[in-house]
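Have a look at the structure below, then the notes.
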Amino acid sequence: MRFSNFLTMTIRSIALALFVASASAFLPQSKQPSISILAATGLEEVGGEVWDPMGLGELGTGEAFDTFPTMFPHKQYLQEAEIKHGRLSMLGWTGIWATHKV
């Protein structure tokens, strides 16, 4: 009888601990985000500047753009094309990987 009471109390204390631990998941979180996350731009590793040695990020602006308006594509077009080509290359690699025989 004594072991039964001990076992019952142990199970009850474990259940209570689990209940308290699971209830803490529903407590309100602090609304202050980390300052270091807000200050991160993704360019810290390269000195805070975009690496663009050929100046391709400036296409579509300046005197050359005024003289030859159809010579350089817009920046948004270049960004969308880069995303599209990246996705197609990932899809192509997935196809090669999936059909490769070991």
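General remarks:
- Surrounding net charge for Leu88, when Lys and Arg each add one and Asp and Glu each subtract one, Cβ distance under 13 Å: 0
- Accessible surface of Thr94, taken over heavy atoms with a 1.4 Å probe and every protein chain present, rounds to 70 Å².
- Label-to-label distance for Ala21 and Trp93 is 4.0 nm, based on points extended 7 Å past Cα in the beta-carbon direction.
- Distance (nanometres) between label positions extended 7 Å along Cα→Cβ at Phe6 and Lys75: 7.4
The values are calculated or read from the model by the stated rules, or taken from the named source; none is laboratory data. This one's a predicted model, so the numbers in the text were calculated from it and none came from an experiment. Heads up, the Cβs are rebuilt from the backbone with ideal geometry, glycines too, and the neighbour counts pull from every protein chain shown. Surface areas here come from the heavy atoms of the whole protein model, side chains and all, with no ligands, DNA or RNA. Shrake-Rupley method; radii C 1.70, N 1.55, O 1.52, S 1.80 Å.
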